[in-house]
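**Student:** I'd like to ask some things about the structure below.
Derivation of every value follows stated rules applied to the coordinates shown; laboratory data play no part. Keep in mind the model is a prediction, meaning the values are calculated, not measured. Cβ coordinates were reconstructed from backbone atoms using ideal geometry, including for glycine residues, and neighbour counts include every protein chain displayed.
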Amino acid sequence: MTEKRKNWTKEEVLELYNKPLLQLVFEAAEVHRQNHDPREVQVSTLLSIKTGGCPEDCGYCPQAARYHTDIEKNDLMSVQTVKAQALRAKSSGSSRVCMGAAWRNVKEGDDFDQVLEMVRTVRDLDMEVCCTLGMLTEDQARRLSDAGLYAYNHNLDTSEEHYKKVISTRGYEDRIETIGNARKAGLTVCSGGIIGMGEAPEDRAAMLVTLSCLNPYPESVPINALVAVEGTPMEEQEQIPIWDMVRMVATTRIVLPKTTVRLSAGRTQMTDEGQALCFMAGAGSIFAGDKLLTTPNPDINKDMELFNTLGLTPQKAYKKGDKPEVNENYKNSCSNGEKQKWSRPAHTIEANVKATLNAKEKRKLNPKL
Ligand code: SF4
């Protein structure tokens, strides 16, 4: 990504975010047109290759084992099932498959070998392959890259400050470290966040500043709206107004001009008009399929109808370029430079503890849960 970089401050990003909405959308649309083909939107498919039972305590996530939610747990998917689902996705316009496993970090052994085989299989279908498997070492990143992985997803979720109120089982610095490991292995990076988790606009701006100071910044930035799931600590969070989503997409577009901004979770709660405004403001991708990992997502036929109405076409794979070179000397500009050991800060988050206790009570009453 060769471009003159701007060193954004939180104040500057916040000023952008708070501009009169239509002015912000107009400026974002201009940046989008200078850097992307506005008629194309990438359709991506997110497959949950291993669902539930995760040891982490992310306050928004129905897959954390410690909370009680209605999701159906599943062991690692077979390579054949992944291939069948990828083929189906390709035939309905997807050019990228993201495979997600509910793990804290990647562990060596049969499961990782199986994931490597899935990566080779989907790569051979000429689709961009992305994985989101939790924290990973440099060596694991390299093996994924050798297998043909195109992108590694590892979301920052929110600002460093707000992160402590959402997750207590790992630190923000762990995220930055894993992103660095993906970079060193020559993978493109997908990293974004979730809005609507009780954060302030300052936190949204701070997250974008952190993303912008990664050098190079992520090629892909998913912007999710929280889907509050019963049983999680955030079950009572109010749905954010569509205008917040439009502002966040537009601000991301301007701060990271070349990145693909992905309109991700929460689309079922958005109107067609709301989504259209997000495309106008620079969203360049959606996720297709009736589920986004575990939360609902619009039907692909409905998405294609909307594409037709808006004059959009699905983007082909690798339109944004091949994988970058392996870069062993990559240094994280957002890291404090100390050798990172994955942390377990384990501070107390009241809502997470409460949801864990509620789940224990429910299981006591019904041990089958
Ligand atoms: S978001 Fe990922 S790491 Fe966090 S609990 Fe869910 S599956 Fe685990």
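**Student:** Projecting each Cα onto the charge dipole of the chain (Lys/Arg +1, Asp/Glu -1 at the beta carbon, about the Cα centre), which of 216, 103, 147 comes out farthest on the positive side?
**Tutor:** My answer, from the dipole projection, is 147.
**Student:** Also: Mind giving me the nanometre distance, one decimal, between the label points for residue 354 and residue 65, set 7 Å out from Cα along Cα→Cβ?
**Tutor:** 2.5 nm
**Student:** Hey, another quick one. Looking at the chain, do any whole DSSP H helices span at least 27 angstrom along their long axis by alpha carbon and average 0.5 or above on Kyte-Doolittle, and which?
**Tutor:** For the chain, where a helix must reach 27 Å along its axis and average at least 0.5, there are no hits.
**Student:** Here's something else I'd like to know. Run lengths n ≥ 4 of DSSP H only: what is the helix-derived mean residue ellipticity at 222 nm for the chain, with -39500 (n - 2.57) per run over all residues, to the nearest 500?
**Tutor:** -11500 deg cm²/dmol
**Student:** Looking at the chain, identify the longest residue range that excludes and avoids all GluC sites (Glu not before Pro) in DSSP loops having at most 13 other Cβ atoms within 10 Å.
**Tutor:** 109-229
**Student:** Please get the size of the charge dipole for the chain, origin at its Cα centre, with Cβ charges of +1 on Lys and Arg and -1 on Asp and Glu, quoted in debye to the nearest 20.
**Tutor:** 460 debye
**Student:** Which three lengths, in whole Å and largest first, does segment 60-174 cover when its Cα atoms are put on their principal axes?
**Tutor:** Principal axes ranked by extent give 41, 34, 29 Å for the Cα atoms.
**Student:** Once the convex hull of the alpha carbons of the chain is built, what does its volume come to per residue, in cubic angstrom?
**Tutor:** 132 Å³
**Student:** Another one. Which cross-chain or sequence-distant (5 or more) residues have an amide H under 5 Å from the amide H of residue 195, H modelled 1.01 Å from N in plane?
**Tutor:** Result for residue 195 returns 224, 225, 226.
**Student:** Pull up all non-local amide H partners of residue 288: gap of 5 or more, or a different chain, and H-to-H distance under 5 Å with H placed in the peptide plane.
**Tutor:** 44, 45, 46
**Student:** Could you tell me which residue out of 134, 54, 80 lies farthest along the dipole of the chain toward its positive end? Charges go on the beta carbon: Lys and Arg +1, Asp and Glu -1, centred on the Cα centre.
**Tutor:** 80
**Student:** Taking the Cα atoms of segment 226-306, what is the range of coordinates along each of the three principal axes, in descending order and whole Å?
**Tutor:** Rounded to whole Å, the extents work out to 37, 28, 21 Å.
**Student:** Residues with amide H under 5 Å of residue 260's amide H, sequence separation 5 or more or different chain, H placed in the peptide plane at 1.01 Å from N; which?
**Tutor:** Here the answer is 220, 221, since their amide H atoms fall under 5 Å of that of residue 260.
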